[in-house]
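See structure below.
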Amino acid sequence: MVERLTRRPSSAEASTARFASVVEAFTGMRGVTTGKMMASPGLRVRGKIFAMLVRHALVVKLPAQRVQELVAAGKGRQFDPRGDGRLMREWVVVERPDDPPWLELAREAHRFVARATPLRRRPRG
């Protein structure tokens, strides 16, 4: 009998699968769309990005104070999209998927961005 060796997924494959489960949780929610954002897969609410997968880490938009709390607790770091030291104060990068859970952070980001983004009214005519 031949035993099959099971290949462990790479960190890139694992993070892609984790983010796919986050996307799945938002599927069908009003105002939420998916697609490429800054060359990365991501989620938008009412046209505004609230979560994306960048370099195998979750990046979410949260209030600046919440970002600082996560950074101070060692659970994330501020997002530097250009790699030039210019940090985005309302964006946090979270590499570990469970501390805090990615889905929980994505839901928090969704609420934050949805509250800050008014519904667009359709033009009459």
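What follows draws every value from the coordinates through simple rules; no lab data is involved. As the structure is a computational prediction, the values presented were derived from the model and not from experiment. Ideal geometry is used to build each Cβ from the backbone, glycine not excepted, and the neighbour counts take in all protein chains shown.
Some notes on this structure:
- For the chain, relative contact order (Cα pairs under 8 Å, six or more residues apart, normalised by length) works out to 22 percent.
- Sorted into 10 angstrom bins from 0, the C-alpha pair distances of the range 11-116 split as 16, 53, 29, 2 percent.
- The label-point distance for ARG82 and ARG46, in a model that sets each label 7 Å from Cα toward Cβ, rounds to 2.9 nm.
- Segment THR117..GLU24, full-extension length gain: 31.3 nm, with 0.36 nm per residue of separation and the alpha-carbon distance subtracted.
- In the chain, helices alone account for a calculated mean residue ellipticity at 222 nm of -10000 deg cm²/dmol, with every DSSP H run of four or more residues adding -39,500 (n - 2.57).
- Fewest neighbouring Cβ atoms within 10 Å first, the residues MET88, MET52 line up as MET88, MET52.
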